[in-house]
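Below is one structure, written out as structure tokens, with a few remarks after it.
The values are calculated or read from the model by the stated rules, or taken from the named source; none is laboratory data. These figures come from a predicted structure and were not determined experimentally. Because the Cβ atoms are built from the backbone with ideal geometry, glycine has one as well, and the counts that use them run over all protein chains shown.
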Amino acid sequence: MANAVIFLGWNRPSVGREQQAMQVFQKSLEFYTKLQTEGRIESFEPVILSSHGGNLNGFVLLRGDAEKLSEIRRDETFVDIVIEAEYCVDGFGHVDGYIGEGLDDVITRWAKLFS
């Protein structure tokens, strides 16, 4: 059961690099499909947000086991995708997060501050 996520978010393609941005998006979806097929992640979900005037216009959420996700962050293909996305997509970034039992653990630790 998934206890962690990698959140990959972005604003929009860099001007003049729109084609490359589309290619890296497709490449990343193929890679995430492979990770899911291999059982390295539980699932992934790409999301494009509706127009709202903000600087987060899309994201992909990779769900899985925290240790496996940590390994993926060091995977050569993942690193290559991140480097290319940082080059051709404005506002691209990624961060770890918690869900399921991982979220329960973080909330329990946080709640200790008020005990």
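Observations
- One residue from Phe59, Phe44 being surrounded by fewer than 20 Cβ atoms within 10 Å (Cβ to Cβ), in contact with a Phe, Trp or Tyr (Cβ under 7 Å, 6 or more places away or on another chain) and not β-branched (Val, Ile, Thr): Phe59
- Residues located in the stretch 15-44, provided they are in a helix (DSSP H, G or I) and in contact with a helix residue (DSSP H, G or I) (Cβ under 7 Å, 6 or more places away or on another chain): Gln20, Ala21, Val24, Lys27, Ser28, Phe31, Leu35
- Any hit, the stretch 64-72, residues being out of contact with any helix residue (DSSP H, G or I) (no Cβ under 6 Å at 6 or more places or on another chain), surrounded by fewer than 15 Cβ atoms within 10 Å (Cβ to Cβ) and farther than 30 Å from Ile107 by Cα: no
A quick yes/no check of all residues on (1) within 30 Å of Ile107 (Cβ to Cβ); (2) at pLDDT 95 or above; (3) of a type outside the set (Val, Ile, Thr); (4) within 14 Å of the chain's Cα centre (by Cα):
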| site | (1), (2), (3), (4) |
| --- | --- |
| Met1 | yes, no, yes, no |
| Gly9 | yes, yes, yes, yes |
| Pro13 | no, yes, yes, no |
| Gln23 | no, yes, yes, no |
| Glu38 | no, yes, yes, no |
| Glu42 | yes, yes, yes, yes |
| Glu76 | no, yes, yes, no |
| Gly93 | yes, yes, yes, yes |
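- Of the residues making up the stretch 48-94, those that are among the hydrophobic types (A, V, I, L, M, F, W, C) and in a strand (DSSP E or B) are Ile48, Phe59, Val60, Leu61, Leu62, Val89.
- Hits in the stretch 84-107 - residues which are farther than 16 Å from Phe59 by Cα and among the hydrophobic types (A, V, I, L, M, F, W, C): Ile99, Leu103, Val106, Ile107
- Count - residues of the stretch 26-56 that are touching a residue at least 12 places away in the same chain (Cβ under 8 Å) and either over 17 Å from Glu71 (Cβ atoms) or small (Gly, Ala, Ser) (or both): 9
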